[in-house]
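Here's the structure, in structure tokens; my notes come after.
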Amino acid sequence: MEEKEIGIYENILEYISLELSHTLKKIPNKYKKNVEEIRLRYGSPLNIYSNNSDFFVTKDGLLTRNKKDGRLVDKREIIETFQLVSNYSVYAFEEEIKNGFITLRGGHRVGIGGKVLYGPNGIETIRDISSLNMRIAREKIGVSEKLIKYIIDFSHTIYDTLIVSPPQCGKTTILRDLIRILSNGSKDLGGKGMKVGVIDERSELAGMYNGMPQFDIGLRTDVLDGCNKKDGTIMLIRAMSPDIVAMDEIGSINDVDAIHEALKAGVKIIATIHGSTLEDLVSKKSLRMLIEDKIFKRYIFLDNSKGVGTVKDIIEGDSFTSII
């Protein structure tokens, strides 16, 4: 397992300029296997996020918290990395670039910072790239097994469920694994698998690459990649007859409308959102009505107090009381 995790890290170095990749290859293996992000910022030290901490990388591949010792990233290295990420064809990735990221083989995502150019129809592209964030996707099979019993309804379906956590606490990883289990079938469902429709707006859940999911999302799962949640929900309900619609990082009024569309059709929802407490959610105007109307019957709260994906609490959605 450790070799596989190190291999995932080293594979993404293929998309980074030669000099930077040589530096990054030198970091100790105990960090490689846990690296979540590699950040390149023009004129700033090379930066990684690993083991729940961020570090600067020296020219010798050592990790430090002293910015003065970090190896600086220059403009040429940003440009070369962007060329590798876009396979030397920026035009082929124009639609993704408009959304601020490019998805790589393996489901990894590269966030893009730079000059945003607008046109008549909104964002047209990003130029003068100044920073890149390589977010390394790590699939963790089985991490949600302990949660299944809390979201299964007695009628062999699931409760509408919202997974809540701050950034980088594993909510997408947990959701992806729940999709896999619900799609394949589990003993908690009497061995029955369910049809799951995934609206993968940011290409993170399935990690689609040339039409193929890069992660195991189950046998009965259909994916709309790069689609917004409102359009995607309507499309899935009309054409794919899902039992469950899964979506990542809800928050807007349109997302709330999408959830209501699913509920009207009798489809169950499992989703994630940024937050730490129920009070955080109530403070979001767009979500307040979902909470006050008791739409979600289960709230799963995560943090990283015992590592990424730690289950902090599970709340019952009618009484708002803990059930663990």
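The values are calculated or read from the model by the stated rules, or taken from the named source; none is laboratory data. Computed from a prediction, not measured in an experiment: that's the story for all the values here. Methodologically, a virtual Cβ is constructed for each residue, glycine included, from the backbone with ideal geometry; neighbour enumeration extends over all protein chains shown. The area values use the complete protein model at the heavy-atom level, side chains included, leaving out ligands, DNA and RNA. Shrake-Rupley method; radii C 1.70, N 1.55, O 1.52, S 1.80 Å.
Using the C-alpha gyration tensor of the stretch 241-324, what are the square roots of 5 times its eigenvalues, in whole angstrom, with the largest one first?
So the equivalent ellipsoid measures 22, 14, 13 Å along its semi-axes.
What is the mean projected area of the alpha carbon convex hull for the stretch 111-178, to one decimal in square nanometres?
Reported value for the Cα convex hull: 7.5 nm².
Which whole-Hz ³J(HN,Hα) couplings does the stretch 299-312 yield from phi under the Karplus relation 6.51 cos²θ - 1.76 cosθ + 1.60, θ = phi - 60°, glycine and proline marked x?
Calculated HN-Hα couplings, in order: 10, 9, 9, 10, 8, 10, 4, 10, x, 4, x, 5, 7, 7 Hz.
Among 264/306; 30/229; 192/312, which pairs are too far apart, with a Cα-Cα distance over 31 Å?
Among 264/306; 30/229; 192/312, the Cα-Cα distance tops 31 Å for 264/306; 30/229.
From the square roots a ≥ b ≥ c of the eigenvalues of the alpha-carbon gyration tensor of the stretch 107-230, which class results: rounded (a/c under 1.5), prolate (a/b over b/c), or oblate?
prolate
Could you give me the ³J(HN,Hα) list for the stretch 266-276, computed from phi with Karplus coefficients 6.51, -1.76, 1.60 and θ = phi - 60°, whole Hz, x at Gly and Pro?
Values per residue, Gly and Pro as x: x, 9, 7, 10, 9, 9, 10, 7, 6, x, 10 Hz.
For the chain, modelled as a Gaussian network with Cα springs under 10 Å, which listed residue fluctuates most, 67, 26, 306?
Checking each option, the largest mean-square fluctuation is seen for 306.
Return the percentage of antiparallel bridges among DSSP beta bridges fully within the chain, rounded to the nearest 5 %.
Looking only at bridges with both residues in the chain, the antiparallel portion is about 60 percent.
Where Rh is the Kirkwood radius over the Cα pairs of the stretch 245-291, the temperature 10 °C and the viscosity 1.306 mPa s, what D in µm²/s does Stokes-Einstein return?
Using the Kirkwood radius from Cα pairs, D works out to 144 µm²/s.
How long are the semi-axes of the equivalent ellipsoid of the stretch 1-148, taking √(5λ) for every eigenvalue λ of the Cα gyration tensor, in whole Å from largest down? Let's see the in-between values first.
On the way: eigenvalues 135, 91, 35 Å².
Square roots of five times the eigenvalues give 26, 21, 13 Å.
According to the square roots a ≥ b ≥ c of the eigenvalues of the Cα gyration tensor, what is the shape class of the stretch 165-324, taking rounded for a/c under 1.5, prolate for a/b larger than b/c otherwise, and oblate for the remainder? Working shown, then result.
Working: a/c = 1.42, a/b = 1.23, b/c = 1.15.
It comes out rounded by the Cα gyration axes.
Once both axes come from the Cα atoms, what is the angle between helix 253-264 and the longest principal axis of the chain, in degrees from 0 to 90, rounded to 10?
The angle comes out at about 40 degrees.
Across 10 Å bins from the origin, how do the percents of Cα pairs in the stretch 50-129 run, short distances first?
Pair shares across the bins are 16, 37, 31, 14, 2.
May I ask which residue of 291, 63, 150 lies farthest towards the positive end of the charge dipole of the chain, with charges of +1 (Lys, Arg) and -1 (Asp, Glu) on Cβ and the Cα centre as origin?
Towards the positive end, the residue furthest out is 63.
How much of residue 33 can a 1.4 Å solvent probe reach, expressed as accessible area in Å² and rounded to 10?
Probe radius 1.4 Å; accessible area of residue 33 about 60 Å².
Strictly over 18 Å apart at the Cα level, which of 32/146; 4/140; 149/297; 268/297; 146/268 would you flag in this model? Display every interim value, and only then the final one.
On the way: 32/146 27 Å; 4/140 12 Å; 149/297 13 Å; 268/297 11 Å; 146/268 20 Å.
Checking Cα-Cα distances, 32/146; 146/268 exceed 18 Å.
Gap in Å between the Cα centre of the stretch 219-262 and the Cα centre of the stretch 72-93?
After rounding, the separation between the Cα centres reads 33 Å.
Could you tell me what a quarter of the Cα convex hull surface of the chain works out to, in nm² with one decimal place?
17.3 nm²
Using alpha carbons only, how many angstrom separate the centre of the stretch 161-214 from the centre of the stretch 106-129?
27 Å
Collect residues whose amide H, placed 1.01 Å from N in the peptide plane, falls under 5 Å from the amide H of residue 124; neighbours closer than 5 in sequence don't count.
117, 118, 119
Show me 41-47, 244-250 ranked by packing, highest mean number of other Cβ atoms within 10 Å first.
244-250, 41-47
One-quarter of the Cα convex hull surface for the stretch 1-81, in nm²?
Details: hull surface 18.6 nm².
The orientation-averaged projected area of the Cα hull of the stretch 1-81 comes to 4.6 nm².
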